[in-house]
Amino acid sequence: MKYRTLGKTGVKISEVGLGTWQLGGVDWGNMSDDDALKILRRAVDLGVNFFDTADVYGLGRSETLIGKFLKETKGKVYVATKLSRRRWVEMKGWPAKYTLDMVREDIRFSLKNLGVDSLFLQQWHCPPTEWYRAGDIFELMEKAKKEGLIRHWGCSVESVEEGLLAIKHPGCASLQVIYNIFRQKLTTELLPQAKAANVGILARVPLASGLLTGRFQKGHKFSDGDHRSYNADGKAFNVGETFAGVPFEKGVEFAGAIGAILKPTEKAPMAQLALRWVLDQDGVTTVIPGATKISQVESNTAASDLPPIAAPAQGALRELYDTKIRPAIRGTY
C-alpha cells in the first residue's frame with residue numbers, strides 16, 4: 001500500500017481507503033456486525049488507514065461499528081465522517097438554516113458513535129448548492145474546529161461548481177467527489193484547482209456502483225432495498241450517487257468498451273484497473289471504494305500495486321468519455 005498526503009491536514013493516508021456506506025446495513029443490502037468488522041480488520045491488515053463514513057449510514061450504525069473496531073485495533077486509522085444528511089432524512093427535507101447548535105449536536109452524535117474525543121475530518125454531506133454559495137456552512141465548521149470538536153473539515157460535493165466554491169475557503173482541507181472513468185469532467189475542471197489550493201481529493205463511487213467491475217450483464221435485477229434498484233433513476237437522491245448517473249443498461253455497454261481498452265486479466269481485473277485509473281489522475285489523494293466481501297477489500301487494495309495505465313489507453317478512455325459516455329450522464333455534475 002502506498003500513502004499520500006491529505007491536503008492541508010499534512011497526514012499521510014492510504015491511497016486506497018475504505019468507504020463504509022454498506023456498513024449501515026441499508027441501501028446495499030443487509031450486513032451483519034461480524035461481517036462488517038471482518039471487512040474493517042482485513043482492510044487495515046492490508047495497509048488501509050483511512051475510512052470514510054457518515055452519520056446517515058444506517059443512522060449511526062456504520063459509525064458505531066467503526067467505533068467498535070477502533071477500540072480493538074492497535075493500528076492508526078484516520079476516520080472521516082459527514083454531517084447534515086441524517087437531518088435531511090429525519091426531517092424529510094433540508095432545514096431552513098443550519099445553525100451552530102445543529103453542527104455541535106451532529107458532531108457529538110458522531111463522536112459518541114466513534115468513541116473519540118475529536119473528529120479527524122468532518123465533511124458537509126451534499127447540502128444544497130445555495131448553502132455553498134452563501135458560505136455560512138464553512139464558518140460553522142471553523143467554529144467547531146476552534147471548539148476542538150473537529151481537527152479538519154471538508155465538503156462532499158455533487159458538482160464542479162460546489163467544489164470550486166468550497167475550496168475558496170482557506171479552511172477547507174478536502175473535497176469528496178464522484179470520480180471515475182464515467183465522470184471525467186473533474187480531471188480538468190476541478191482537480192488542478194483543488195491541487196493549487198492544497199485541498200485533498202477523496203474519490204467516491206470509483207467503480208460506478210459496481211458497473212466498472214465489468215461483471216454485470218443487461219437485465220440484472222438488484223434487491224428492492226438496494227439503492228441500485230430504487231435510485232437507479234434518481235428517485236430517492238442525486239442519480240449521480242448510483243451508477244455515477246449513467247443508465248444501467250448503457251453503463252453495461254460502456255463497461256464493455258472500457259474493458260476492451262484496459263484489457264483486464266486475472267492478475268489485474270477490471271475493478272483494479274478502474275481504481276488504478278483514478279489513482280493515476282493528478283491531484284487525487286485517495287480512492288474510497290466500499291466492500292461487502294473480504295475478497296472485494298483484497299482486490300481493491302491491490303490496485304495500489306498496479307503500474308499506471310499506459311498513455312494510449314488513457315487517451316482512448318478520454319475519447320470514449322467525450323464521444324459516448326458524457327452525453328449519457330444524468331444529474332448534477
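Here are the numbers for the structure shown:
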read-out: Qualifying trypsin sites (Lys or Arg not before Pro) in the range 234-290, DSSP loop, other Cβ atoms within 10 Å at most 13; value: LYS235, LYS267
read-out: With at most 13 other Cβ atoms within 10 Å, longest stretch of the chain clear of loop GluC sites (Glu not before Pro) (DSSP); value: 1-146
read-out: Acute angle (nearest 10 degrees) that the helix 33-45 long axis makes with the longest principal axis of the chain, alpha-carbon atoms; value: 80 degrees
read-out: Theoretical gain in end-to-end length, LYS218 to ASP33 [0.36 nm per residue, Cα-Cα removed]; value: 63.4 nm
read-out: Answer label, with semi-axes √(5λ) of the Cα gyration tensor in Å calculated from the coordinates and candidates [x] 32, 22, 18; [y] 39, 24, 17; [z] 29, 22, 20; value: [z]
read-out: Euclidean distance of C-alpha centroids, the range 2-67 and the range 273-298, integer Å; value: 13 Å
read-out: Rounded, prolate or oblate (a/c below 1.5 giving rounded, otherwise prolate when a/b exceeds b/c) for the range 2-102 by Cα gyration tensor; value: oblate
read-out: Length-normalised contact order for the range 170-312 - Cα pairs under 8 Å, 6+ apart - percent; value: 29 percent
read-out: Over 19 Å between alpha carbons, listed pairs LYS38/LYS112; LYS8/LYS145; LYS2/LYS76; LYS2/LYS68; LYS12/LYS146; LYS12/LYS168; value: LYS38/LYS112; LYS2/LYS68; LYS12/LYS146; LYS12/LYS168
read-out: Part-to-part distance (alpha-carbon centres) for the range 104-151 and the range 240-269, which is given in Å; value: 35 Å
read-out: GNM flexibility winner over the chain from SER299, SER159, SER32 (Cα, springs under 10 Å); value: SER32
read-out: C-alpha long axis of helix 100-114 to longest principal axis of the chain, angle in °; value: 70 degrees
read-out: Charge context of PRO128, other residues only, Cβ under 14 angstrom, K/R +1, D/E -1; value: -1
read-out: Cα centroid separation, the range 154-206 to the range 314-333 (Å); value: 18 Å
read-out: At R0 = 25 Å, FRET efficiency that the Cβ-Cβ distance of LYS92 and THR129 yields, to 0.05; value: 0.80
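Read the figures in this text as sums done on the coordinates, not as results from a lab. Just so you know, these numbers come straight off a predicted model, no measurement behind them. Using ideal geometry, Cβ is built from the backbone for each residue, glycine included, and neighbour counts are taken over all protein chains shown.
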